[in-house]
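Quick notes on the structure that follows.
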Amino acid sequence: MKISQRAQQLQPSATMKVSAQAKQMIADGIDVINLGIGEPDFETPKNIEQAAINAINAGKASFYTPAAGIPQLRTAVAQRTTRDYGLQGLTAQNVAITTGAKMALYSAFQTILDPGDEVLLPEPYWVSYSEQIKLAGGVPVSVPVDESFKATTADLETKLTDKTVAFVLNSPENPTGVIYDQQELAALNEWTKQHDLMVITDDIYGQLVYNGASFTSIAQLGDELDPRIIIISGGSKTYSMTGWRMGYVVADERLISKISAFLSHATGNPTAVSQYALLEAFTGDQTQTEVMRKAFEERLNTIYPLLNDIPGFELKVKPQGAFYLFPDVSEALKLSGIATSGELVSRLLAEAHVALVDGSAFGVKNHVRISYATDLDSLKTAMARIKAFMVQFK
Ligand code: PLP
């Protein structure tokens with residue numbers, strides 16, 4: 001048997017691993033509350049499910065589709081991006097539909113990176129960016145940032161080399177929930193322009209913003225989409241469609257035609273039935289998205305104070321988007337004598353029956369990620385369990 005060096009270096013997704021472990025414990029009859037998962041707990045809205053059923057009944061689900069998706073959906077994404085981002089001139093040729101936003105990102109890295117090309121990733125960064133960049137032959141370069149969790153041009157400058165070709169920006173950010181404002185984005189945009197860097201903007205949480213915060217994408221600063229900028233998004237988070245695997249890339253049409261060629265070999269096409277579901281998500285009734293957004297907002301507002309009340313857990317800045325909290329647990333480690341945040345996460349799972357993710361999976365020590373994509377009662381119980389676990393050390 002032979003396993004390639006590339007595969008040997010590959011680590012499974014830490015967030016998916018924790019979730020699988022928690023699910024196994026639940027299956028074994030243990031009352032675990034899973035806050036490790038980055039997945040909305042709502043069923044996909046009924047109108048979206050019905051559109052998929054209709055597509056099956058109409059015989060539309062049986063066959064291959066074009067590699068970059070059905071024209072109606074590509075057009076719907078182009079129109080939606082035109083409307084939401086205020087960008088002129090976008091057409092279906094600027095859009096590729098992909099198997100989840102994960103494949104959108106992967107196809108983008110495959111299309112822009114040559115061997116040894118460096119990509120800047122502000123810490124903390126989502127687990128799959130670094131692995132996907134390596135799989136595409138690139139080199140992920142993590143960029144330390146201060147406790148605001150927002151990268152500045154000064155931060156990025158420290159890691160800029162003549163091999164740097166791109167920068168990944170995720171706002172609202174997984175795992176911190178921070179949102180970059182227009183001024184911060186303008187500075188980053190100017191700096192990337194000066195250094196002729198591509199910008200991959202992962203906007204998947206763009207509609208999940210709370211308490212009056214607003215979302216701006218770096219892609220919407222000009223009147224037209226800058227050819228250096230690649231927008232990534234999808235249906236998983238906003239429409240609670242994780243299982244449907246629907247994502248997309250919006251970019252310059254020359255890039256999209258290469259992404260389409262890549263997809264034609266990698267996936268053939270995104271699943272046909274899911275495309276009809278996303279088409280309904282984009283063009284149909286939007287009532288449920290607001291219901292879900294409000295539920296996340298209420299959860300955030302409820303658990304943020306409960307979290308800060310846990311001995312040794314500290315989160316100075318209240319998140320404004322996505323559905324995660326990323327507290328500093330340095331004090332909790334000191335109090336408990338537990339050596340690392342990874343060990344703390346293991347102890348909390350084994351003893352308090354709460355699943356979290358170790359911050360080092362996102363490139364940052366002494367932090368944990370808590371997902372609040374779970375019902376309010378479970379969240380309150382989980383906070384009480386973590387508090388009870390920590391109080392024993394006081
Ligand atoms: N980008 C970020 C920042 C995410 O958190 C996730 C999912 O957790 C994705 C992309 C991938 O989403 P999808 O389920 O559409 O592949």
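The values are calculated or read from the model by the stated rules, or taken from the named source; none is laboratory data. Note that the structure is a prediction, hence the values are computed from the model and not measured. Glycine also receives a Cβ, built like all others from the backbone with ideal geometry; neighbour counts cover every protein chain displayed.
Structural remarks
- Subset of region 86-103 [part of a helix (DSSP H, G or I) and either surrounded by fewer than 19 Cβ atoms within 10 Å (Cβ to Cβ) or within 16 Å of the ligand (Cβ to nearest atom) (or both)]: Q93, G100, A101, K102, M103
- Meets criteria (in a loop (DSSP other than H, G, I, E, B), over 22 Å from L197 (Cα atoms) and either of a type outside the set (K, R) or within 21 Å of the chain's Cα centre (by Cα) (or both)) for G69: yes
- Answer from K318, K365 - the residue that is closer than 26 Å to P12 by Cβ, charged (D, E, K, R), in contact with a helix residue (DSSP H, G or I) (Cβ under 8 Å, 6 or more places away or on another chain) and part of a loop (DSSP other than H, G, I, E, B): K365
- Qualifying residue in region 247-256 (condition: of a type in the set (G, A, S), closer than 24 Å to E39 by Cβ and surrounded by fewer than 24 Cβ atoms within 10 Å (Cβ to Cβ)): no
- Against the list (1) over 23 Å from G268 (Cα atoms); (2) of a type in the set (K, R); (3) under 25 Å from the mean Cα position of the chain (by Cα), the condition R74 fails is (1).
- Just so you know, in region 59-85 the residues that are touching a residue at least 40 places away in the same chain (Cβ under 8 Å) and among the polar types (S, T, N, Q) include one that is nearest to the ligand (Cβ to nearest atom), and it is T81.
- Look at (1) out of contact with any Ser or Thr (no Cβ under 6 Å at 6 or more places or on another chain); (2) in a loop (DSSP other than H, G, I, E, B); (3) closer than 30 Å to E253 by Cβ and you find that R74 fails only one, number (2).
- Number of positions in region 343-362 that are surrounded by 17 or more Cβ atoms within 10 Å (Cβ to Cβ) and either part of a helix (DSSP H, G or I) or outside the structural domain of P327 (by TED's automatic domain parsing) (or both): 9
- Spans of helices (runs of 4 or more DSSP H) in region 1-58 with at least 1 residues within 14 Å of the ligand (Cβ to nearest atom): 14-27
- Yes/no for Y210 being more than 17 Å from A76 (Cβ to Cβ), more than 16 Å from the ligand (Cβ to nearest atom) and either touching a residue at least 12 places away in the same chain (Cβ under 8 Å) or of a type in the set (D, E) (or both): yes
- Only one of the numbered conditions (1) away from the ligand (no atom under 14 Å from the Cβ); (2) touching a residue at least 40 places away in the same chain (Cβ under 8 Å) is not met by D155, and that is (2).
- Y239 being within 23 Å of G89 (Cβ to Cβ), within 16 Å of the ligand (Cβ to nearest atom) and not small (G, A, S): no
- Pairs, first in contact (Cβ under 8 Å) with a residue 60 or more places away in the chain and within 18 Å of V119 (Cβ to Cβ) in region 138-152, second part of a loop (DSSP other than H, G, I, E, B) and of a type in the set (F, W, Y), C-beta under 8 Å, six or more apart: S142/Y125
- In region 208-232, residue farthest from A373 (Cα to Cα) [restricted to those that are β-branched (V, I, T) and surrounded by 21 or more Cβ atoms within 10 Å (Cβ to Cβ)]: I229
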